[in-house]
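Written below as structure tokens is the structure these notes are about.
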Amino acid sequence: MKISVSVWVARPIADVWQGWNTPASIMAWNAASPQWHCPQSRVDLRVGGRFCHHMAARDGSTGFDFEGTFTEVTAPTGLGYVMDDGREVSVRFVAEQGGTRVEERFDAESLHSGEQQRAGWQSILDNFKRHMEAAS
């Protein structure tokens, strides 16, 4: 099953691309809830390059690495990657109406319901929007 989420960001596409792919920026927005954060991020932004975003509970109780390999890097309009568990993700950046629409489509996993996954990924996108618009 494929799941799609999207958000519109009131920033130019070049800024959105930069904010999506820069480790310092990623650490500021990449969390699904206030109880989590992303204290480390590494990005080798090229086809075949790897990324690793360490996701951790703010209370220190748990954490995990969200890792994968880029399969597409088409600045500033598209990214594709395969997560280490084999699931594929595509991200599209579309300039529209004085801003940029970010659209993610990803393979679902089997542990959580589709709605739980959609809600989590959408929450992260909403954090990205808040971060980018606050930076303007």
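Just the accessible area per residue of the chain, please: how many Å² with a 1.4 Å probe? In whole numbers, the chain has 52 Å² accessible per residue. Express the relative contact order of region 1-132 as a whole percentage, based on alpha carbon pairs under 8 Å and six or more residues apart in sequence. Relative CO of region 1-132 lands at 31 percent. Using every pair of alpha-carbon atoms in region 6-76, split the distances into 5 Å bins beginning at 0 and state the percent of pairs per bin, rounded to integers. The distribution over region 6-76 is 3, 16, 22, 23, 20, 11, 5, 1, given as percents. What FRET efficiency would be calculated for the residue pair residue 42, residue 2, taking the C-beta separation as r and a Förster radius of 41 Å, to the nearest 0.05? With R0 = 41 Å, the Cβ-Cβ based efficiency is 0.95.
Computed from point charges on the beta carbon alone (+1 for Lys and Arg, -1 for Asp and Glu), the dipole magnitude for the chain about its Cα centre is near 280 Debye.
Note down the nm distance, to one decimal, between modelled labels 7 Å out along Cα→Cβ at residue 59 and at residue 27. About 2.4 nm, to one decimal.
By its C-alpha gyration tensor, with a ≥ b ≥ c as the square roots of the eigenvalues, how is the chain shaped: rounded for a/c under 1.5, else prolate for a/b larger than b/c, else oblate? In terms of gyration-tensor shape, rounded.
Pairwise Cα distances in region 1-45 exceed 16 Å for 51 percent of all pairs. When shorter helices are ignored and each DSSP H run of at least 4 residues is given -39500 (n - 2.57), the per-residue value for the chain at 222 nm works out to -8500 deg cm²/dmol. Find the centroid of the Cα atoms in region 103-126 and in region 69-95, then give the distance between the two in whole Å. Going from one Cα centre to the other spans 15 Å.
The values are calculated or read from the model by the stated rules, or taken from the named source; none is laboratory data. Quantities reported herein were computed from a predicted structural model and do not represent experimental measurements. All Cβ positions, even for glycine, are placed from backbone atoms using ideal geometry, and neighbour counts span all protein chains on display. In case anyone asks, the SASA skips ligands and DNA or RNA and just uses the protein heavy atoms, side chains included. Shrake-Rupley method; radii C 1.70, N 1.55, O 1.52, S 1.80 Å.
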